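See structure below.
The values are calculated or read from the model by the stated rules, or taken from the named source; none is laboratory data. Keep in mind that what you see is a predicted model, and the values were worked out from it rather than measured. Cβ sites come from the backbone with ideal geometry, for glycine too, and all protein chains shown count toward neighbours. Just so you know, the surface numbers come from the protein's heavy atoms only, side chains and all, with ligands and any DNA or RNA stripped out. Shrake-Rupley method; radii C 1.70, N 1.55, O 1.52, S 1.80 Å.
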Amino acid sequence: MNGREHRWFVLATSVIPLVGVGGAMFLLWRRAFGWSDLTALAVMYVVCGLGISIGYHRLLAHRSFRTTRAIRVALTLAGAMAGQGPPLTWVAHHRRHHRVADRPGDPHSPHLDFPPGFLGMLAGLWHAHVGWLFDEGLASDPIRYCPDLVREKHIRLLSAEFVPVVLCGFVLSGLIGLAVGHTLTAFLTAVLWGGLVRLFLVNHMTYAVNSVGHYFGRRRYPTNDESRNVAWLSVASFGEAWHNNHHAFPRSFRHGMRWWELDISAGVIASLERLGLATNVIRIDPERMVLKESNGPATPLAHRSPSTAVSVTDVE
């Protein structure tokens, strides 16, 4: 998928789901909503949300754990159905983001080249949320950022067949509705709720981590970026919104570092480990977390050198 094709895909996945949400709200107002629609929406939200959080992010981008080939393929497939981009492209952009977070070269920082004041803040948030996806010139070379994944045949295949995989997610939504509702109408409305509405919700959940998670929230750990922990987004994002924790310890399988920081994805990975289906699970020494927390405030953006280096091993 080249830059132009990607731009048209992003436009389609931004506009069409929004229209779908409008149609779903109309049907809801007309009380044309049933258990088949709710089931399709809930199941597909969880499948695709965990596909992004566990599959694309913690497994592929940061190698926070290892698992069997079958589960690796399944998690990557679930992430691809979310419609946020081919796995090679998604991971390349994300690893690039971590290497230069909130500095020149970051694909989706809300803090670069925007005027001061309220309007500049809105422009930065828009860019970090979704605007950056429309940049035809943006390219993060997978050979440079994720050569380990380029060597995997199933990752290359799912990247090449990304659009059909996304469409399969819509068909799966309809089949869930058909299994529950047993009618063609249930199939079609489940495609609407489990397909378009789910696509809208999962995408904007992830986008909010990129935008809100670098502007509003609390900073526990000093990092060379503006990452924040956003508690109210943590459940919907399956733990991804503990974003400052994540930037402080990128390879950790757990983003919620405190007992009260709910991290659903970490719970799933821990369950896989107990079943013998996940190995090499990356955990952070509690003493290291305490030491990092006590290191004082991070360097303000205005005083940060553009040439500051970031260790590849810390990122990946």
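Counting every alpha-carbon pair across the range 1-126, the share separated by more than 27 Å comes to 37%. Simple point charges give the picture: +1 on the Cβ of Lys and Arg, -1 on the Cβ of Asp and Glu, and for the range 201-288 a dipole about the Cα centre of about 140 debye. Mean separation of Cα pairs under 8 Å and 6 or more residues apart, divided by the residue count, gives the chain a relative contact order of 23 percent. Of the listed residues 218, 254, 198, the order by accessible area with a 1.4 Å probe, largest first, is 218, 254, 198.
Please list 29, 193 in order of solvent-accessible area, largest first, computed with a 1.4 Å probe with all protein chains present. It would help to have the intermediate numbers written out before the result.
Numbers: 29 185, 193 15 Å².
Largest accessible area first, the list is 29, 193.
Directionally averaged projected area (the range 57-136, Cα convex hull): 6.0 nm².
Prolate is the label for the range 176-268, because the ratio a/c of its alpha-carbon gyration tensor axes (a ≥ b ≥ c) is 1.5 or higher and a/b is greater than b/c. Selection among 187, 73, 13 by position relative to the dipole of the chain gives 73 as farthest towards the positive end (Cβ unit charges, Cα centre).
For the range 75-92, backbone nitrogen atoms closer than 20 Å to the point 7 Å from residue 143 Cα along Cα-to-C-beta are found at 86-92.
Computed across the chain, the Kirkwood radius stands at 20.2 Å (inverse of mean 1/r, all Cα pairs). Here the dipole of the chain is about 460 debye; that uses its Cα centre as origin and unit charges on the Cβ of Lys and Arg (positive) and Asp and Glu (negative). Put simply, when 220-226, 236-242, 256-262 are sorted by average Cβ atoms within 10 angstrom per residue, most first, you get 236-242, 220-226, 256-262. Projecting the Cα positions of 52, 131, 196 onto the charge dipole of the chain (unit charges on Cβ atoms of Lys, Arg, Asp and Glu, taken about the Cα centre) puts 52 furthest along the positive direction. Candidates 24, 115, 278 compared by Cα position along the dipole of the chain: farthest toward the positive end lies 278, with charges placed on Cβ. Rounded to the nearest 10 degrees, the angle from helix 162-181 to the longest Cα principal axis of the chain is 50 degrees. Of the whole protein surface, residue 127 contributes about 50 Å² of accessible area at a 1.4 Å probe radius.
The GNM of the chain, with springs linking C-alpha atoms under 10 angstrom apart, assigns the highest mean-square fluctuation among 95, 144, 228 to 144. Seen against the Cα atoms of the chain and their longest principal axis, helix 69-81 is set at about 80 degrees.
Can you give me the Cα centroid spacing of the range 25-47 and the range 150-213 in angstrom? After rounding, the separation between the Cα centres reads 14 Å. With everything on Cα atoms, drop me the angle between helix 198-211 and the longest principal axis of the chain, reported from 0 to 90° to the nearest 10. Roughly 10 degrees between the two axes.
Given a 1.4 Å probe and every protein chain left where it sits, what share in percent of the accessible area of the chain is carbon and sulfur? The nonpolar share, carbon plus sulfur, comes to 65 percent.
Computed about its Cα centre, the charge dipole of the range 25-150 is approximately 540 debye, with only Lys, Arg, Asp and Glu carrying charge at their Cβ. Expressed in Å, the radius of gyration and Dmax of the Cα atoms of the range 93-246 are 18.5, 56.
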